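**Q** Sharing a structure below in structure tokens format, with a few things to ask.
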Amino acid sequence: MKLILNEEQNYLKETALSFVSEKTPVSHLRGLRDSNDQLCWDKEIWSEMVKLGWSGILIPEEYGGSNFGLTGMSVILQECGKTLTPSPLFASGVLGATALTKFGSEEQKQKYLSKIASGELTTALAIDENSHHNPNICELKAIKDGSNYVLNGKKIFVVDGASADIIIVVARTSGEDDDVGGLSMFLVESDCSNLKKVKLDMADSRNYANITFDNVSVDESMILGEIDMGLEPINEILDVGRIALSAEMLGSCEKAFEITIEYLKERKQFGVPIGSFQALQHRAAEMFCEIELTKSAVMAAMQGAEENSNDLQRLSSLAKSIVGETSHLVSNEAVQMHGGIGVTDEYDIGFYLKRARVAETILGNSTFHQERYANLTGF
Amino acid sequence: MSDLENFRVEVKDWLDKNCPSTMRAGAPADTPIDEVWGGRKAVYKNPDSKLWLDRMGEKGWTMPTVPKEYGGGGLNKEEVKILNEEMFAIGARAPLLSFGIWMLAPVLLEYGNEAQKREHLPKIIKGEIRWCQGYSEPGSGSDLASLATKAKDMGDHFLVNGQKVWTSYADKADWIFALVRTGPKEPKHNGISFLLIDMENPGVSTKPITLISGKSPFCETFFDNVEVPKENLVGELNAGWTIAKKLLQHERKFISNFGLAAGMGSKKDVVSLAKKHFGEDEGKISNPIFRSKVIDHKMKEHAFGLTLQRAADEGGKASAVASMFKYYGTEHNKRRHELMVAASGVNGLAWDGNEFDDSEKNLTRAWLRTKGNSIEGGTSEVQLNVISKRVLELPSG
């Protein structure tokens, strides 16, 4: 496994950087927030991303994608993270595309994958039921009724769930609350009756929803994968998501750090740039080291996914955990080193702090992944 | 068969015939580490150590990339990779540990003249001469460039007077590469030269320093009217600081790698010690608070190992990255030893006597030794200064 990007991946990364720098600087997110935009992302921007082929990067060519791999997708999200660019790319292009590519029937793939690639529809993955990510627990039930399944229960904090056309929901089809063998996945069209979405207002001003399933009836053709397929295959989707999200978080860390270093060079007190003070220099240098370690962990996870590494679960948890910790460090130090303006809404650095914390909770925070890593390693 | 495949067959065959069985994995680990440093004063308890060194030295494979005319192996990168893989496959021990290889040879190759390369490189490669490093002085630690050991121009030779400190294994070494002042003290960086000194010269003496670990890997080295031939000056007169900095990068890289490699290969792992002393509960370390510290530590270790790998894949980067590895590697090694000691409880603080086993007594001393890791070769604080100035380009105070 080589921990470097190839030429095409570098090209994608550069394209993404110039796109987000030009089209979606942090002021873009701020604008959406200030106008109380209910979508929390911009349709024009999304259609431009789709034109660049980003939505189809994880989708096989026969269904309209480019099958370019998780590293390519991750480096795009990494650049999106630099300007906190909101879009359905993660929920739809990563989670939805992966779930359908890995587990969809031929019919489902024909029906949905090309539309994900073309941006005609977006998806969301509904998995969490509690304030902490814990895929072992699932109370939402799907009960067979003739050739249909009837879903009852509630999913919370569904990323891009407020706007998604298709909800991929994890449901219990057998066993009790923490029996991970009795889990299945269903595709549910979000405009179906008895499905109720409530948009969440989170600190990072992005798109989330709580979704209640009140006797939602779906045809058995909407089963994604096998009935009672269990958590293991679902975890394959989650790990892809964790890695892509880690890359986005890394991008945000890198940028928040860069903004802070620039500020240390500009801001003068006592007649000198504050960056000349050793107290700040050493903290900055320590952040540099932590970011370098984080880059390596994220790179190893991306490349591990490309190569179907049998250590992928551990690499995914390593990346998500370390990037979560580094996000904490960097976002806190960034605010502190900016002094007074760091805690004003007018200045952008606060957006990085808010996004860092929310992103950390998505698909498992650092402690979740430390525990998982330890169990997988035998600590 | 391609050339490389042929080469692999040759290497395999050669190692099979020439690597003594006691130098391979599975052999009883009773060969003292000091035996593999070479030099005129070396004593070999196991004659195989000498045999293995001589055979590898003759092939030039202790420094496989160095050109053959200087005694090296003359191998290209792909061939070196094959050699390493085949040595790893049979668990062959490194034939030679050497400051000459790690630090001096790279700068001789870059800055030495033809005669110096032909004189010194083959002896480094064959392990005939053991080198030590004369950098720090009692008054010049982190501010190394303020050094005062003087080399006075006497026409055909330099006359050296002064004192070095923290010279690793000076009492066991044959030659010393030293920074000496040949120019005025101000501006201090511009008056330093890089000099090679035979320690058999009259006027050179050494005195071991006992550390808190109870061991004495370092010495004070004294120069009292030592005559050094002019031909032993490396590079230009008063241009030694550039060489010194380059050599420090090699040293930093080595120290950070060494700490990590030592940790990863060791059977005395934090996890196994914690399970032994706290107990195990369904495969987990029983003490949850300690377990959480271990997890955090091991994950950082994993990420640091990946970072070393990434740096290699990127083709090895500039000096500042060496500072990062030196800083992080040594701080991490200190934390690792703190955790091992803490995991072992009372048994992690044993000093001597028969109530504790050797691995426990060694752990105490190893833990104390790591305290020097973040001081030698440039303190952690100096490394952070280098990162903030060279990488982050923050302004000087």
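**Q** First obtain the Kirkwood hydrodynamic radius of chain B from its Cα pairs, then insert it into the Stokes-Einstein equation at 37 °C and 0.692 mPa s, and state the resulting D in µm² per second as a whole number. Walk me through the numbers before you get to the answer.
**A** Working: Rh = 23.0 Å.
Calculated translational D: 143 µm²/s.
**Q** Could you pull out the chymotrypsin sites (Phe, Trp or Tyr not before Pro) across the stretch A:236-312 that fall in loop regions by DSSP (anything but H, G, I, E, B) with no more than 10 other Cβ atoms inside 10 Å?
**A** On the way: sites: A:F257, A:Y263, A:F270, A:F277, A:F288; in loops: A:F270, A:F277.
Passing both the DSSP loop test and the Cβ count: A:F270.
**Q** Here's a follow-up. Rounded, prolate or oblate: which one fits the protein assembly as shown, using the alpha carbon gyration tensor with axes a ≥ b ≥ c (rounded when a/c is under 1.5, else prolate when a/b beats b/c, else oblate)? Intermediate results must be reported in sequence, preceding the final value.
**A** Numbers: a/c = 2.27, a/b = 1.87, b/c = 1.22.
Prolate is the answer for the protein assembly as shown, as a/c is 1.5 or above and a/b outweighs b/c.
**Q** If I model a spin label at B:S2 and B:N161 as a point 7 Å from the Cα along the Cα→Cβ vector, what separation in nanometres do I get?
**A** 6.2 nm
**Q** Still on this model: Give me the number: length gained by fully extending B:K230 to B:K207, i.e. 0.36 nm times residue separation minus the C-alpha to C-alpha distance, one decimal in nm. Please report the intermediate quantities before stating the final value.
**A** Values: separation 23, 0.36 × 23 = 8.28 nm, distance 2.67 nm.
Difference between extended and current length: 5.6 nm.
**Q** Taking A:K199 as the anchor, which lysines have their alpha carbon closer than 21 Å to its alpha carbon, excluding any fewer than eight residues away along the same chain?
**A** Result set, ordered by chain and number: A:K43, A:K154, A:K155, A:K354.
**Q** Obtain the nm distance between the two label points defined at B:E200 and B:S292 by a simple spin-label model: each point lies 7 Å from its Cα along the Cα-to-C-beta direction.
**A** Result for the modelled spin labels: 6.2 nm.
**Q** Moving on to the next point. Can you give the FRET efficiency to the nearest 0.05 for A:E8 and B:E78, using r as the Cβ-Cβ distance and R₀ = 30 Å?
**A** Working: r = 25 Å, r/R0 = 0.84.
In this case the efficiency is close to 0.75.
**Q** A further question on this structure: Please state, as a whole number in µm²/s, the translational diffusion coefficient that the Stokes-Einstein equation yields for the stretch A:98-178 at 25 °C and 0.890 mPa s, with Rh defined as the Kirkwood radius across alpha carbon pairs. Could you put the intermediate results ahead of the total?
**A** Details: Rh = 14.0 Å.
D = 175 µm²/s.
**Q** Translational diffusion coefficient, Stokes-Einstein: compute it for the stretch B:139-239 using the Kirkwood radius over C-alpha pairs as Rh, at 20 °C and 1.002 mPa s, and state it as an integer in µm² s⁻¹.
**A** Numbers: Rh = 13.9 Å.
The calculation lands on 154 µm²/s.
**Q** Counting every Cα pair in the stretch A:7-121, what percent are over 19 Å apart? Each step should come with its number before you reach the end.
**A** Values: 2870 of 6555 pairs.
Tail fraction, whole percent: 44.
**Q** On to the next question. Between their Cα atoms, which of A:K82/B:K298; B:K126/B:K172; B:K77/B:K126; B:K126/B:K207; B:K275/B:K326 are more than 19 Å away from each other? Don't jump to the answer; show the numbers that get you there.
**A** Working: A:K82/B:K298 29 Å; B:K126/B:K172 17 Å; B:K77/B:K126 21 Å; B:K126/B:K207 27 Å; B:K275/B:K326 30 Å.
Distance filter (> 19 Å) returns A:K82/B:K298; B:K77/B:K126; B:K126/B:K207; B:K275/B:K326.
**Q** Would you mind computing the Rg to Rh ratio of the stretch B:105-153 from its alpha-carbon coordinates, Kirkwood style for Rh? Don't jump to the answer; show the numbers that get you there.
**A** On the way: Rg = 14.1 Å, Rh = 13.0 Å.
Taking Rg over the Kirkwood Rh, I get 1.08.
**Q** Let me ask something additional. Compute the FRET efficiency between B:E355 and B:Y44 as 1/(1 + (r/R0)^6), taking r as their Cβ-Cβ distance and R0 = 41 Å, and round to the nearest 0.05. Kindly include the intermediate steps, with their values, before the conclusion.
**A** Working: r = 33 Å, r/R0 = 0.81.
After rounding to 0.05, the efficiency reads 0.80.
**Q** Sticking with this one: Measure out, as a whole number of angstrom, how far apart the alpha-carbon centroids of the stretch A:195-246 and the stretch B:354-393 sit.
**A** First find each Cα centre; the distance between them is then 48 Å.
**Q** Same structure again: For the stretch B:323-397, which GluC sites (Glu not before Pro) pass both filters: DSSP loop (anything but H, G, I, E, B) and at most 15 other C-beta atoms within 10 Å? Provide the component values of the computation, followed by the final result.
**A** Values: sites: B:E331, B:E338, B:E355, B:E360, B:E376, B:E381, B:E393; in loops: B:E355, B:E376, B:E393.
Here the sparse-neighbourhood loop sites are B:E355, B:E393.
**Q** OK, next. Any of B:K45/B:K123; B:K334/B:K361; A:K109/A:K144; B:K59/B:K123; B:K117/B:K230; A:K2/B:K68 with alpha carbons more than 19 Å apart? Name them for me. Spell out each step's value before the answer.
**A** Working: B:K45/B:K123 22 Å; B:K334/B:K361 17 Å; A:K109/A:K144 23 Å; B:K59/B:K123 13 Å; B:K117/B:K230 15 Å; A:K2/B:K68 31 Å.
Those over the limit are B:K45/B:K123; A:K109/A:K144; A:K2/B:K68.
**Q** So how many Å³ per residue does the convex hull of the Cα atoms of the stretch B:272-397 work out to? Before the final figure, lay out the partial values.
**A** Details: hull volume 17.8 nm³, N = 126.
Once divided by residue count, the hull of the stretch B:272-397 is 141 Å³.
**Q** Could you work out [θ]222 nm for chain B from helices alone, using -39500 (n - 2.57) per DSSP H run of at least four and dividing by all its residues? Round to the nearest 500 deg cm²/dmol.
**A** After summing the helix terms and dividing by the residues of chain B, the value is -14000 deg cm²/dmol.
**Q** Say we join alpha carbon atoms closer than 10 Å with springs in a Gaussian network model of chain B; which of B:I176, B:I209, B:I124 then has the biggest fluctuation?
**A** Its mean-square fluctuation being the largest, the pick is B:I209.
**Q** Here is a further query. Where does helix A:70-82 land angle-wise versus the long Cα axis of chain A, in degrees 0 to 90, nearest 10?
**A** 50 degrees
**Q** Report, to the nearest 10°, how far helix B:288-313 tilts away from the longest principal axis of the Cα atoms in chain B, using its own Cα long axis and a range of 0 to 90°.
**A** The answer is roughly 40 degrees.
**Q** Quick one: among B:T62, B:T379, B:T22, which has the greatest mean-square fluctuation in a GNM of chain B with alpha-carbon springs under 10 angstrom?
**A** Maximum among the listed residues: B:T22.
**Q** Which whole-angstrom value gives the distance between the alpha carbon centres of the stretch A:91-116 and the stretch A:247-270?
**A** Cα centres, the stretch A:91-116 to the stretch A:247-270: 38 Å.
**Q** How far is the Cα center of the stretch A:35-60 from the Cα center of the stretch B:187-227, in Å?
**A** Distance between centres, Cα-based: 66 Å.
**Q** Express in nm, to one decimal, how much length is gained between A:E232 and A:S47 on full extension, taking 0.36 nm for each residue of separation and deducting their alpha carbon distance.
**A** Details: separation 185, 0.36 × 185 = 66.60 nm, distance 3.38 nm.
Extra length from A:E232 to A:S47 when fully extended: 63.2 nm.
**Q** Something else about it: Just to be sure I understand: if I project the alpha-carbon convex hull of chain A onto a plane and average over all orientations, what area do I get in nm²? Working shown, then result.
**A** Numbers: hull surface 75.6 nm².
In nm², the orientation-averaged hull projection of chain A is 18.9.
**Q** Do any GluC sites (Glu not before Pro) in the stretch A:166-230 lie in a loop, going by DSSP, with at most 13 other beta-carbon atoms within 10 Å of their beta carbon, and if so which?
**A** Numbers: sites: A:E176, A:E189, A:E220, A:E226; in loops: A:E176, A:E226.
Counting only loop positions with at most 13 other Cβ atoms within 10 Å, the GluC sites (Glu not before Pro) in the stretch A:166-230 are A:E176, A:E226.
**Q** While we're here: What's the FRET efficiency of A:A279 with A:M202 using the Cβ-Cβ distance as r and R₀ = 25 Å, to the nearest 0.05?
**A** Details: r = 34 Å, r/R0 = 1.37.
According to the calculation, E is roughly 0.15.
**Q** Ok, one more. Using a 7 Å offset from the Cα along the Cα-to-Cβ direction at both B:S146 and A:N130, what is the distance between the two label points in nm, to one decimal?
**A** Output for this residue pair reads 5.9 nm.
**Q** Can you give me the angle between helix B:77-89 and the longest principal axis of chain B, using Cα atoms only, in degrees from 0 to 90, rounded to the nearest 10?
**A** Helix B:77-89 and the main axis of chain B meet at about 40 degrees.
No value in this document is a laboratory result; all are computed from the given coordinates. Quick caveat: nothing in here was measured; it's all calculated off a predicted structure. Every residue, glycine as well, gets a Cβ built from its backbone with ideal geometry; the counts of neighbours run over all protein chains shown.
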